[in-house]
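One structure is given below, encoded as structure tokens.
The values are calculated or read from the model by the stated rules, or taken from the named source; none is laboratory data. Not measured: the values here are computed from a predicted model. Counting neighbours? That spans all protein chains shown, and the Cβs are built from the backbone with ideal geometry, glycine included.
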Amino acid sequence: MLKTKASFRISGALDPDKITQLLAISPSYTHRKGEPDRFGEMIRSNIWVLKSELGDGSSLEEQIQSLFDKMNHKSDVIKNVDASCRLDIFCSITSTGESGFSLTPKLLSVISELNVNLEVSIIAA
């Protein structure tokens, strides 16, 4: 069984409310520097997160594409986010057996064009 999840994250000095204002998209959640995380550790930088709303049965490609669909026509804003910020697509894949994933050149081109890092965590359950 394969489960996939994806989220678009912006972290750094920029206030999460400012990011929401710039993108005109409500995040799935935010955290501010100095707040405790769910384990009680202090968060080291602001973070703004938009999670894919597709279910676990969707492919990684579909998960990531759904994020870009939500951010339709926001590429100029994303490209010009404060240089001190880190932008990434964070993906997790949980598998009970051998598995893999692929992304189309078209989607990889969008990720590259936006200068967004792609991070993938693979978990064997």
Seminar exercise, completed: Requiring at least 1 residues that are among the basic types (Lys, Arg), the strands (runs of 3 or more DSSP E) wholly within region 1-59 are 2-12, 46-51
Exercise. For region 69-77, does any single residue satisfy the condition of being surrounded by 12 or more Cβ atoms within 10 Å (Cβ to Cβ), closer than 25 Å to residue 46 by Cα and in contact with a strand residue (DSSP E or B) (Cβ under 9 Å, 6 or more places away or on another chain)?
Worked result: yes
For this session: Just give me the residues in region 77-100 being assigned to a loop (DSSP other than H, G, I, E, B) and within 20 Å of residue 23 (Cβ to Cβ), in sequence order.
Result: 80, 81, 82, 83, 84, 85
Seminar exercise, completed: Exactly one of 61, 53, 98 is charged (D, E, K, R), farther than 24 Å from residue 12 by Cβ and buried (at least 16 other Cβ atoms within 10 Å of the Cβ), and that residue is 61
Exercise. Given the residues 23, 60, 87, 50, which is the only one that is touching a residue at least 40 places away in the same chain (Cβ under 8 Å) and in contact with a Cys (Cβ under 8 Å, 6 or more places away or on another chain)?
Worked result: 60
Problem set entry | Members of region 1-53 that are within 18 Å of residue 63 (Cα to Cα), modelled with pLDDT of 90 or more and among the charged types (D, E, K, R) | 5, 9, 51, 53
